[in-house]
Amino acid sequence: ALPRLVLQTICVAAVVFAAGDARLLPDAVPQAVERAALILAGVWFVNLVNFIDGLDWITVAGIVPPTAAIALFGLWIGRFDLAVAAAALCGAMLGFAPFNKPVARLFLGDVGSLPIGLLLAYLLYGLAQSGYLAAAILLPLHACADATVTLIRRLARGERVWEAHRTHFYQRATDNGFTVMEVVGRVFVLNLVLAALAAVTIARPDGATTGAALVAGLGLVTLLLRSFARPRKAVTA
């Protein structure tokens, strides 16, 4: 695990330093501190995308909506570099989708999910650098919440967090009576709604609208995770 973590840190650091000097935090925060925080967040994001890849079609449902949104947003705000890269990643996931449809014949594994996480992190970072931090937070909010809450719960229980497990909310959902298609369908629809909320924050970047969109997104993610964590009630005739 340690050599793997070191290599991930090097890759994320290369992306952060190559992305330019645009600041996300106030100038009172030293740039070195900001970059260190971004590298830490990037390493976590790369790994959480890997953690979320534990169900057929779940990564497709989690990556296609935000990358399609970033491709459109890039055209909207004049960041054509982001638009092209996001469209390429979205197209790659759409090409992968037929092979990963339940029951899957092909899987991403670490060699697929880790680079996808790095590419998506780069796209979100570019969107945030362009002045749309709220949109960059909203787009991956479901995956971030599922993975982060699960990690905190495992740490609190004293578990070895670097070992494989089946306690993510989307995995617990299949144990609680949801079919795979019901899980990925709900995740896909939620990500479409989060993309719509992100678009609202770009169209209306005032504080009130941005705050309302963030609260709405967090509320919707919380509702979905809670529904996945509870046994599904049987439907009686």
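If R0 is 35 Å, the Cβ-Cβ spacing of VAL161 and ALA13 corresponds to a FRET efficiency of close to 0.95. Rounded to the nearest 20, the size of the Cβ-charge dipole of the chain about its Cα centre is 700 debye, with Lys and Arg at +1 and Asp and Glu at -1. Kirkwood's formula applied to the C-alpha pairs of the stretch 75-123 gives a hydrodynamic radius of 12.0 angstrom. For the stretch 55-100, the spread of Cα coordinates along the three principal axes comes to 35, 14, 9 Å, biggest extent given first. Just the number, please: carbon plus sulfur as a percent of the accessible area of the chain, 1.4 Å probe, no ligands or DNA/RNA counted. The C+S portion of the solvent-accessible surface of the chain is 71 percent.
A straight line joining the Cα centroids of the stretch 1-78 and the stretch 148-193 runs 21 Å.
Its residue count N fixes a reference of 2.2 N^0.38 Å for the chain, and the Cα radius of gyration divided by that reference is 1.01. Calculated over the stretch 105-188, the projected area of the Cα convex hull averaged across directions stands at 7.1 nm².
Give the relative contact order (percent, whole number) for the stretch 142-225; include only Cα pairs under 8 Å separated by 6+ residues.
The value is 29 percent.
Once the chain from THR222 to THR179 is taken as fully extended at 0.36 nm per residue, the excess over their C-alpha distance is 13.5 nm. Would you mind computing the Rg to Rh ratio of the stretch 198-237 from its alpha-carbon coordinates, Kirkwood style for Rh? Here Rg/Rh amounts to 1.29. Structural descriptor for the chain: relative contact order 23 percent, calculated from alpha carbon pairs under 8 angstrom and at least 6 residues apart. Principal axis extents of the Cα atoms in the stretch 26-110, from largest to smallest and rounded to whole angstrom, are 52, 30, 13.
With the charge dipole of the chain set up from +1 on Lys and Arg Cβ and -1 on Asp and Glu Cβ about the Cα centre, the Cα lying farthest toward the positive end among the listed residues ILE10, LEU119, TYR170 is that of TYR170. Normalised per residue, the accessible area of the stretch 139-237 is 55 Å², obtained with a 1.4 Å probe and no contribution from ligands, DNA or RNA.
The values are calculated or read from the model by the stated rules, or taken from the named source; none is laboratory data. Just so we're clear, the structure is a prediction, and the values are computed from it rather than from any experiment. Neighbour counts are summed over all protein chains in view; Cβ atoms, including those assigned to glycine, are modelled from backbone coordinates with ideal geometry. Areas reflect the complete protein model, heavy atoms only, side chains present, ligands, DNA and RNA absent. Shrake-Rupley method; radii C 1.70, N 1.55, O 1.52, S 1.80 Å.
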